Amino acid sequence: MNRIFIITFFLSIRAFAQDSIINYIKNNPIKYFDIKSFEKDNEIREDIKLFYNERGDHFEQFMSSVDKGHFIENETKKNSPISIARNYYSNGVLYYETIFFFDFKIDTTKKYNKLGLLKETINNDKNYTFSVSSLCQLMKKEYNVDLMTIQNHFSKDYNPDVNYDVMRMLVEEIGKYCYIVILYSNPLPPRW
């Protein structure tokens with residue numbers, strides 16, 4: 001009787017482990033770099049590929065000069081300060097993915113091994129007391145400045161009098177991590 005119980009117990013553990021792996025894969029799909037498409041579409045210029053997807057997001061793909069054999073993909077969201085940087089192993093499996101707001105990392109950076117399994121998650125927001133989305137809401141409410149929209153100079157809504165830069169950093173003088181939003185008007189008056 002004890003042997004039957006032990007076998008049933010091991011089969012249950014094995015089934016549970018397989019279900020966990022399947023759920024992990026469903027919830028965390030592995031991203032791959034399409035190496036064949038990159039090589040095929042780059043017959044004119046082998047080192048870089050530029051294109052837009054159907055949503056108007058801009059993509060730049062190229063071979064890494066730092067991580068030999070790796071592929072780099074930078075995706076810039078249409079009319080947005082959000083971009084995503086991805087680095088892929090030479091086999092096309094995602095090595096890491098980082099989300100940027102303007103020029104700084106936000107959310108989490110996820111790093112994977114060569115099999116595509118998550119090996120590390122880095123919280124890029126851990127030192128900040130509020131999120132980028134809270135900052136955007138505050139700027140919209142208090143100053144009527146929409147940080148989530150990049151000003152298109154050809155748009156009818158373009159306001160040349162309001163420009164801004166956004167960054168975040170440790171301000172050593174006060175010992176705190178801060179967001180810095182610089183609002184400025186167009187510095188050059190029109191020439192008469």
Original post:
Looking only at the stretch 126-143, which residues are surrounded by 16 or more Cβ atoms within 10 Å (Cβ to Cβ) and either polar (S, T, N, Q) or within 15 Å of the chain's Cα centre (by Cα) (or both)?
Top reply: 132
Subject >> Test set (1) touching a strand residue (DSSP E or B) at 6+ places or on another chain (Cβ under 8 Å); (2) at pLDDT 90 or above; (3) under 17 Å from residue 101 (Cα atoms); (4) surrounded by 11 or more Cβ atoms within 10 Å (Cβ to Cβ) - residue 151 fails condition number >> reply: (2)
Original post:
From 46, 60, which residue is open to solvent by 50 Å² or more (accessible area, probe 1.4 Å) and either modelled with pLDDT under 85 or assigned to a loop (DSSP other than H, G, I, E, B) (or both)?
Top reply: 46
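The values are calculated or read from the model by the stated rules, or taken from the named source; none is laboratory data. Model, not experiment: these values are computed from the prediction. Cβ sites come from the backbone with ideal geometry, for glycine too, and all protein chains shown count toward neighbours. For accessibility, only protein heavy atoms count, side chains too; no ligands or nucleic acids. Shrake-Rupley method; radii C 1.70, N 1.55, O 1.52, S 1.80 Å.
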